[in-house]
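Here is the structure we will look at.
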Amino acid sequence: MTFANSAYLLLSLLVIPCVLWYVLRANKRRATLSVPTVSMYSGLARSWKYYLIHVPFILEMASVILLSVILARPQSTDRWSDTEIEGIDIMLAVDVSTSMLAEDLKPNRIEAAKQVASEFINGRPNDNIGLTIFAGEAFTQCPMTVDHTVLLNMFRNVSSDIAANGIIEDGTAIGMGLTNSISRLKDSKAKSKVIILLTDGSNNRGEVSPQTAAEMAKSFGIRVYTIGVGTNGTAPYPVQGAFGTQYVNMAVEIDEAILRQIAQTANGQYYRATSNSKLREVYEEIDKLERTKLQVKEFSKNQEEYQPLALALLLCLLAAILLKQTVLRTIP
């Protein structure tokens, strides 16, 4: 048994001064009717009511203690359990360079990618999934986890603003995005290890080339599925000017040869997503991947255990009131 607000247990200490006051008050209490002697009544047996005199006070003090325990919120003990589920280990590597703000996909490439990828995550509740984001450099946004609520919350905060505002270097470091994802998967014991890499450009940054990263993935038994996102020809790109946001048509430059080579080297497949519906179809096809067993630690939430105590508190108060108003009622 644990307590969520254990400080409230200190309220039970109020019982101590109440008991002292009750004892002192009882010693100083004088009889309403004085008689010279009570020796004539010494042979009489005590009434059963005599033994109930202090019961109401005891019940009231018990109520105070019960109230303090209830306010402290008693809870059942937390427990961890090991369970076995079906799933695979997946790292999503998502390009967040400023070119992902192009609006050939609606509302733009990055938001379309987030929406479809989130649907993919929701459709695979038993998979161990993580998230790497990259532009001119790469880092892990969320390590692999089966707690998809946490993953989706972190995914929701992904934006190309971090590159546009200079928080990370802009550009497209495909090799670095792959390498970061590989570092999260290389020690996995899962039968299937997969990287889904989504980008809209060609590699122009980073210390690791895409080819080298693909060879690394192959050596660790990691399959890489690559997605080139963007329409054919040109795409409208928002530019902030003196008169607000204006749009210019920029050429779509996806290095499909490199993406195909990565997929071929790492036993995956290359896809081209020129629209929201095409992107959704890509993830639906990848969703048909094989599954394997994973050992997962599950944490059970606390259960509130105040209900029996609340019932006991109510009964104590009712009993004290009934005794005072019936068999122990006094006439002033």
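Filtering segment 155-165 for residues that are basic (Lys, Arg) and buried (at least 18 other Cβ atoms within 10 Å of the Cβ) leaves an empty set. Just wondering, is there one or more residues in segment 49-58 that are among the hydrophobic types (A, V, I, L, M, F, W, C), part of a loop (DSSP other than H, G, I, E, B), surrounded by 10 or more Cβ atoms within 10 Å (Cβ to Cβ) and modelled with pLDDT of 70 or more? Yes, segment 49-58 contains a residue that is among the hydrophobic types (A, V, I, L, M, F, W, C), part of a loop (DSSP other than H, G, I, E, B), surrounded by 10 or more Cβ atoms within 10 Å (Cβ to Cβ) and modelled with pLDDT of 70 or more. If the condition is being more than 30 Å from Thr212 (Cα to Cα), not in a loop (DSSP other than H, G, I, E, B) and not β-branched (Val, Ile, Thr), then segment 224-258 contributes Ala235, Pro236, Tyr237, Pro238, Gln240, Gly241, Gly244, Gln246, Tyr247, Asn249. Any residue at all in segment 208-224 that's touching a residue at least 60 places away in the same chain (Cβ under 8 Å), out of contact with any Asp or Glu (no Cβ under 7 Å at 6 or more places or on another chain) and either hydroxyl-bearing (Ser, Thr, Tyr) or buried (at least 19 other Cβ atoms within 10 Å of the Cβ) (or both)? No, segment 208-224 has no match at all. Would segment 253-275 turn up any residue that is surrounded by 12 or more Cβ atoms within 10 Å (Cβ to Cβ) and at pLDDT below 90? Yes, segment 253-275 has at least one match.
Just one of Ala45, Ala113, Ala62 is at pLDDT below 70, more than 22 Å from the chain's Cα centre (by Cα) and not charged (D, E, K, R); which is it?
Numbers: Ala113 fails: at pLDDT below 70; Ala62 fails: at pLDDT below 70.
Step by step, each of Ala45, Ala113, Ala62 is checked, and only Ala45 is at pLDDT below 70, more than 22 Å from the chain's Cα centre (by Cα) and not charged (D, E, K, R).
In segment 293-306, which residue that is surrounded by 15 or more Cβ atoms within 10 Å (Cβ to Cβ) and within 21 Å of Pro125 (Cβ to Cβ) is modelled with the lowest pLDDT? Within segment 293-306, the match that is modelled with the lowest pLDDT is Leu294. Just one of (1) assigned to a strand (DSSP E or B); (2) more than 21 Å from the chain's Cα centre (by Cα) trips up Ser183, so point out which. Of (1) assigned to a strand (DSSP E or B); (2) more than 21 Å from the chain's Cα centre (by Cα), only one is false for Ser183: (1).
The values are calculated or read from the model by the stated rules, or taken from the named source; none is laboratory data. A quick note: this is a predicted structure, and the numbers were derived from the prediction, not measured. All Cβ positions, glycine included, derive from the backbone under ideal geometry; neighbour counts span all protein chains shown.
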